[in-house]
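J.: Here you go, one structure.
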DNA sequence: TTCCGCGTGTTCGAATTCGGACACTTGAGA
DNA sequence: TCTCAAGTGTCCGAATTCGAACACGCGGAA
């Protein structure tokens with residue numbers, strides 16, 4: 001199996017350890033961070049496949065500002081890295097805000113291990129998909145664009161060609177070339 | 001100003017009317033639907049810029065299943081059309097599920113008019129952005145791919161060319177061609 | 001029936017693009 | 001210092017691709 005690395009960010013060491021145990025079958029390795037500074041450090045040191053981030057790891061805060069800040073830092077450091085947020089002080093507003101800012105899932109503490117595992121697994125898949133998509137060969141992105149345009153115009157080559165700004169013959173040749 | 005059309009789906013006529021009034025400055029026209037069947041009808045009849053969809057418009061249901069179904073129908077009918085969900089029975093789980101399934105925002109009833117307006121405005125912008133992105137000329141998608149690869153490799157033409165599966169000279173020519 | 005519009009498949013000379021090769025610069029290291 | 005590796009800018013014959021044009025099929029209207 002492919003080696004997978006998950007970053008767990010929580011200021012409560014017991015919680016972080018519990019999460020690491022729950023994920024021991026899913027992630028081949030987990031690393032823990034307890035502060036924003038440590039988060040940055042870990043992000044720059046290694047390449048992760050998913051991040052599990054607590055919203056409230058600053059002492060005495062429960063509005064989630066620290067979590068949103070951490071989310072922003074992760075996304076800035078690596079836009080393709082998927083982040084799962086978790087919190088004990090769940091409100092609809094903060095959950096919605098989190099997802100709108102790019103988190104892939106939002107868990108409530110205490111979590112059910114099955115849901116945590118499923119969420120992290122899905123997050124790793126999202127990261128992999130994003131990374132695969134961002135390193136496409138040039139003719140592959142062309143192929144995808146051609147495919148989508150053909151689908152949109154229901155196979156009508158003339159319309160698709162016009163929409164793509166290409167002569168009909170050119171699109172016909174590409175259709176052959178890519179086996180579409 | 002560009003004409004904009006918003007579809008409001010709610011089984012309570014008073015609520016739908018209140019939403020329409022709140023949006024009278026934002027949308028040049030609003031259309032109301034009160035059932036899933038009517039939703040399908042409206043979707044196939046006209047092209048909307050945003051949808052405001054109540055989660056609980058089926059009598060006696062409050063688990064949001066009807067709303068998620070409606071969301072799926074809208075996305076199937078037009079994947080680029082942005083949907084804002086709203087509900088009076090807000091739970092974190094249902095809110096998260098909604099956004100993961102592709103809603104762009106999630107509002108709680110009773111809403112604040114300012115938030116409703118802002119959300120719908122943002123949804124219309126999202127729809128416009130999606131529609132602009134899906135009808136790109138073929139050389140534009142190539143340009144974007146080249147640009148991203150160059151950025152990723154910090155301007156190193158050789159690396160970017162290798163990553164794109166193209167000869168270095170070819171990428172150099174495109175860089176000139178697109179003014180990058 | 002004939003005609004016409006629309007779409008497809010194919011051809012061919014022209015135009016563009018390819019990629020290997022060469023010269024040059026820069027920066028690191030012996 | 002010299003050397004070497006890596007990257008860039010450029011050139012040119014070969015290869016590919018372009019698009020206008022032509023032929024054909026098909027469904028609808030006169």
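FYI, it's all coordinate maths here, none of it is from the lab. On a predicted model such as this, the values are computed, not experimentally measured, just so you know. We place every Cβ from the backbone using ideal geometry, glycine too, and count neighbours over all the protein chains shown.
J.: How far is residue B:38 from itself in the other copies, in nm, if each label sits 7 Å out from Cα along the Cα-Cβ line, shortest first?
T.: Copy-to-copy label distances at residue B:38, shortest first: 5.6 nm.
J.: Hey, how many Å between the Cα centroid of the range A:16-75 and the Cα centroid of the range B:1-59?
T.: For the range A:16-75 versus the range B:1-59, the Cα centre distance is 41 Å.
J.: Also, I was wondering about something else. In bins 10 Å wide, starting from 0, what share of all Cα pairs of the range A:20-99 does each bin hold, as a percent?
T.: 17, 51, 30, 2
J.: While we're here: Consider the operator that turns chain B into chain A: which B residue has a Cβ nearest its axis, and what is that gap in Å?
T.: Axis relating chain B to chain A; nearest Cβ residue and distance: B:99, 2.
J.: Round to the nearest 10 and give me the degree value, 0 to 90, for the angle of helix A:36-45's Cα axis relative to the longest principal axis of chain A.
T.: 50 degrees
J.: Calculate, in nm to one decimal, what residue A:24 and residue A:72 gain on full extension: separation in residues at 0.36 nm each, minus their alpha carbon distance. Walk me through the numbers before you get to the answer.
T.: Working: separation 48, 0.36 × 48 = 17.28 nm, distance 2.67 nm.
Value of the extension gain: 14.6 nm.
J.: To continue, here is another question. For the range B:1-42, state the average projected area of the convex hull of the C-alpha atoms over all orientations, rounded to one decimal in nm².
T.: Quarter of the Cα hull surface area: 2.8 nm².
J.: OK, next. Show that you can apply the helix-only estimate: for the protein assembly as shown, add -39,500 (n - 2.57) for every DSSP H stretch of four or more residues, divide by all residues, and state [θ] at 222 nm to the nearest 500.
T.: Values: 16 runs with 194 residues, N = 360.
Result for the protein assembly as shown, helices only: -17000 deg cm²/dmol.
J.: Next up: With axes computed from alpha carbons, what is the tilt in degrees of helix B:138-152 against the longest principal axis of chain B, rounded to the nearest 10 within 0 to 90?
T.: 70 degrees
J.: From the label point of residue B:5, set 7 Å from Cα along Cα→Cβ, how far away are the matching label points in the other copies, in nm, ordered shortest to longest?
T.: Here the equivalent label points are 5.2 nm apart from this one.
J.: Here's something else I'd like to know. Express the relative contact order of the range A:1-136 as a whole percentage, based on alpha carbon pairs under 8 Å and six or more residues apart in sequence.
T.: Values: 210 pairs, mean separation 30.3, N = 136.
Normalised by residue count, the contact order of the range A:1-136 is 22 percent.
J.: Shortest first and in nm to one decimal, what separations exist between residue B:93 and its copies in the other chains, measuring from label points 7 Å along the Cα-to-beta-carbon line?
T.: Values, ascending and in nm: 2.4.
J.: Right, here's the next one. Given a Förster radius of 56 Å and the C-beta distance between residue B:14 and residue B:151 as r, what FRET efficiency does 1/(1 + (r/R0)^6) yield to the nearest 0.05?
T.: Working: r = 51 Å, r/R0 = 0.92.
The pair residue B:14/residue B:151 has a calculated efficiency of 0.65.
J.: In addition: For the protein assembly as shown, place one equal point scatterer on every Cα, skip the solvent, and apply the Debye formula. What is log10 of I(q)/I(0) at q = 0.09, 0.15 Å⁻¹?
T.: For the protein assembly as shown, the Cα-only Debye profile gives -0.64, -1.29.
J.: Can you put A:80, B:167 in order, fewest other beta carbons within 10 Å first? Walk me through the numbers before you get to the answer.
T.: Values: A:80 15, B:167 11.
Placing the least packed residue first, the sequence is B:167, A:80.
J.: I want to check the label-to-label distance for residue A:137 and residue A:100. Put each point 7 Å from Cα in the C-beta direction and report it in nm to one decimal.
T.: Reported label-point gap for residue A:137 and residue A:100 is 4.2 nm.
J.: Same structure, new question: Could you give the alpha-carbon Rg of the range A:38-170 over 2.2 N^0.38 Å, rounded to two decimals?
T.: Values: Rg = 20.1 Å, N = 133, 2.2 N^0.38 = 14.1 Å.
Output field value: 1.43.
J.: Could I ask something else about it? Looking at the range B:119-180, I'd like the Rg to Rh ratio, where Rg is from alpha-carbon atoms and Rh is Kirkwood's inverse mean 1/r.
T.: Details: Rg = 15.0 Å, Rh = 13.0 Å.
Rg divided by Rh gives 1.16.
J.: Still on this model: Quick one: order B:108, B:55, B:86 by neighbouring beta-carbon count within 10 Å, fewest to most.
T.: Values: B:108 16, B:55 30, B:86 27.
Fewest-to-most Cβ neighbours within 10 Å comes out as B:108, B:86, B:55.
J.: How crowded by other chains is A:86-97, given as the mean number of beta carbons from other chains within 10 Å of each beta carbon?
T.: Mean partner-chain Cβ count within 10 Å for A:86-97: 4.
J.: Expressed as an acute angle from 0 to 90° and rounded to the nearest 10, what is the orientation of the C-alpha long axis of helix B:113-134 relative to the principal long axis of chain B?
T.: Approximately 40 degrees, to the nearest ten.
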